[in-house]
Amino acid sequence: MHLKPALDALVFTGAGFASGSILYSAYLPRLIKGIDVTKASEDKNPGAFNAFHYAGVPLGILCLVCELAKGCVPVWLAMRLVDPAYPLFTAVMLAPVAGHAFSPLRRFQGGKGIAVSFGVLLALIPKRLIVFVLAGMYLLSLLLPLHPNEKRTIAAFSAFAVTAMLIQGPFSVKLGCLLIAVLVNYKNWRDAHITFPLWNRDRG
């Protein structure tokens with residue numbers, strides 16, 4: 001009997017990873033308009049932003065909805081069987097983002113994980129409103145002179161991770177938010193071109 005929550009969590013972790021690995025923002029523009037956003041864009045990212053920019057607003061909206069849904073649906077379904085306070089719920093939360101970031105359908109070269117992260121957090125409504133914390137951090141980041149946009153993403157997700165760990169809630173959910181933020185920051189780090197002058201000077 002005690003194995004059931006663990007088995008349920010593992011099943012939804014696998015389902016979430018598989019769901020996340022489908023990169024709609026890469027496949028739909030190519031299927032519908034013959035546009036490969038990974039070749040057209042400078043950062044080669046198969047994400048919703050590039051779908052909007054290179055395939056147009058209507059198709060971009062469709063891609064965004066699909067990217068949100070692939071994170072939201074498996075976590076929402078998991079919550080029907082797995083208590084969010086259960087330790088393995090952390091893996092359930094992380095799985096869709098990990099599937100997107102390291103999609104086996106694209107030789108483990110996936111996207112940056114922003115939209116799918118929002119989808120995962122949307123699934124926690126109404127019990128957890130942590131998605132609004134991330135949205136708020138993004139809005140605040142717009143006030144900062146950060147370029148390129150990857151720096152803004154890193155700032156927003158870093159602030160989100162700290163806030164998520166401080167607010168009340170199950171540790172499994174807090175840890176899930178932290179790991180999602182770490183993964184998104186990892187995927188955005190290279191294109192953010194963040195340098196540490198003092199550290200580089202010491203090395204020289």
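The values are calculated or read from the model by the stated rules, or taken from the named source; none is laboratory data. Keep in mind it's a predicted model, so treat the numbers as computed, not measured. With ideal geometry, Cβ positions are generated from the backbone for all residues, glycine too; neighbour counts draw on all protein chains shown.
How do the helices (runs of 4 or more DSSP H) wholly within the range 15-110 filter down when requiring 2 or more residues that are without any contact (Cβ under 8 Å) to a residue 60 or more places away in the chain, over 21 Å from Val131 (Cα atoms) and over 18 Å from the mean Cα position of the chain (by Cα): which remain?
Numbers: elements: 24-33, 37-40, 48-55, 57-78, 89-101.
So the answer is 24-33, 37-40, 48-55, 57-78.
Inspect the range 61-70 for any residue being farther than 26 Å from Asn185 by Cβ and surrounded by fewer than 21 Cβ atoms within 10 Å (Cβ to Cβ) and give the result as yes or no.
In the first step, residues of the range 61-70 are kept if they are farther than 26 Å from Asn185 by Cβ; the result is 61-62.
With the extra rule that they be surrounded by fewer than 21 Cβ atoms within 10 Å (Cβ to Cβ), the set shrinks to 61-62.
Yes, because at least one residue in the range 61-70 is farther than 26 Å from Asn185 by Cβ and surrounded by fewer than 21 Cβ atoms within 10 Å (Cβ to Cβ).
Which pairs have Cβ atoms under 6 Å, sit 6 or more apart or on different chains, and link a residue in the range 120-148 that is more than 23 Å from Ala101 (Cβ to Cβ) to one that is modelled with pLDDT under 95 and assigned to a loop (DSSP other than H, G, I, E, B)?
Filtered contacts from the range 120-148: no entries.
Considering only residues that are in contact with a Ser or Thr (Cβ under 6 Å, 6 or more places away or on another chain) and surrounded by 22 or more Cβ atoms within 10 Å (Cβ to Cβ), look in the range 149-183 and name the one that is nearest to Pro96 (Cα to Cα).
Of the residues in the range 149-183, the ones in contact with a Ser or Thr (Cβ under 6 Å, 6 or more places away or on another chain) are 152, 155-156, 172, 175-176, 180.
Imposing the further condition that a residue be surrounded by 22 or more Cβ atoms within 10 Å (Cβ to Cβ) reduces the set to 156, 176, 180.
Values: Ala156: 20, Gly176: 11, Ile180: 10 Å.
In this case the residue turns out to be Ile180.
How many residues are buried (at least 24 other Cβ atoms within 10 Å of the Cβ) and aliphatic (A, V, I, L, M) if we restrict to the range 12-25?
1
Checking Leu81 against (1) aliphatic (A, V, I, L, M); (2) buried (at least 22 other Cβ atoms within 10 Å of the Cβ); (3) touching an Asp or Glu at 6+ places or on another chain (Cβ under 9 Å), which single condition isn't satisfied?
Single failed check for Leu81: (2).
Go through the range 103-138 and give me each residue that's aromatic (Phe, Trp, Tyr) and farther than 15 Å from Lys187 by Cα. Please lay out each step first, then the result.
Pass one, the range 103-138, residues aromatic (Phe, Trp, Tyr): 108, 118, 132, 138.
Residues satisfying the conditions are Phe118, Phe132, Tyr138.
Here's a check for you: in the range 111-125, which residue that is over 8 Å from the mean Cα position of the chain (by Cα) and not in a helix (DSSP H, G or I) is surrounded by the fewest Cβ atoms within 10 Å (Cβ to Cβ)?
Looking at the filtered set, the residue picked out is Ile125.
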